[in-house]
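Student: Before we start, here is the structure in question, set down as structure tokens.
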Amino acid sequence: MTRRPWLPMLVALVLAGTAAWSAAGGTAARGPATGEERARVVRLAAELEARPLGKQADRQRRWLDGFLVEVPDIHVPVCRNLLLPMVQDSPLATPLVAQMLYSGAAFLVEHPERAGDEFAIYQAGVAGALRAYESASRDKPRRRIALLDQLVQKRERGELARFVRDGMTGCRGSR
């Protein structure tokens, strides 16, 4: 496996840049998400969970990335502690960490009343990333990641919530 010591820094820079842009008023140019956009978030998140390596995956991720940066009313908290340490040496790192955000955004669209519940958002994000991982490793078995296989087993034993709760310790704003 190829070590990518730069990956955590890259993810941190992208996330920090997005937050800084948003805080500086970058979202002022547009209004809240439309119903059509919200439906598209849910649809694309599900499609990426099912086909994270599909032909349309890069285009779908670009749309979601741009949308989540621009839209002022859907704020997905980010906690790198949850998944990045488990996948940083994998070619699947970027799509799986991004999937946490997309699945978290889909959860927020479907459950807007839970917008302040970081635990629920993180849990939805990790669950979506695991579905994407299972799809990707089914398509390309040589890309299996032992730590994620163990996390799938925890999910199957009903222990995913504990993993998320423990993992979000130390994340900014976590309750």
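Student: Full-extension gain between GLU47 and GLU113, please, as 0.36 nm times their residue separation minus the C-alpha to C-alpha distance.
Tutor: 21.4 nm
Student: Also, I was wondering about something else. Let a ≥ b ≥ c be the square roots of the eigenvalues of the Cα gyration tensor of region 43-175; is it rounded (a/c under 1.5), or, if not, prolate (a/b larger than b/c) or oblate?
Tutor: Oblate is the answer for region 43-175, as a/c is 1.5 or above yet b/c matches or exceeds a/b.
Student: Could you give each residue of region 115-125 its phi-based ³J(HN,Hα) in whole Hz, using Karplus coefficients 6.51, -1.76, 1.60 with θ = phi - 60°, and x for Gly or Pro?
Tutor: With the stated coefficients, region 115-125 comes to 4, x, 8, 4, 4, 5, 5, 4, 4, 4, x Hz.
Student: Which order do the peptides 39-52, 146-159 come out in when sorted by mean C-beta neighbours inside 10 angstrom, highest first?
Tutor: 39-52, 146-159
Student: Still on this structure, please answer the following. Extension gain LEU147-ASP166, at 0.36 nm per residue separation less the Cα-Cα distance, in nm?
Tutor: Full extension of this stretch gives 5.3 nm more.
The numbers here are math on the coordinates, done by the rules we state, and not lab data. Fair warning: this is a prediction, and the values are worked out from it, not measured in the lab. Every residue, glycine as well, gets a Cβ built from its backbone with ideal geometry; the counts of neighbours run over all protein chains shown.
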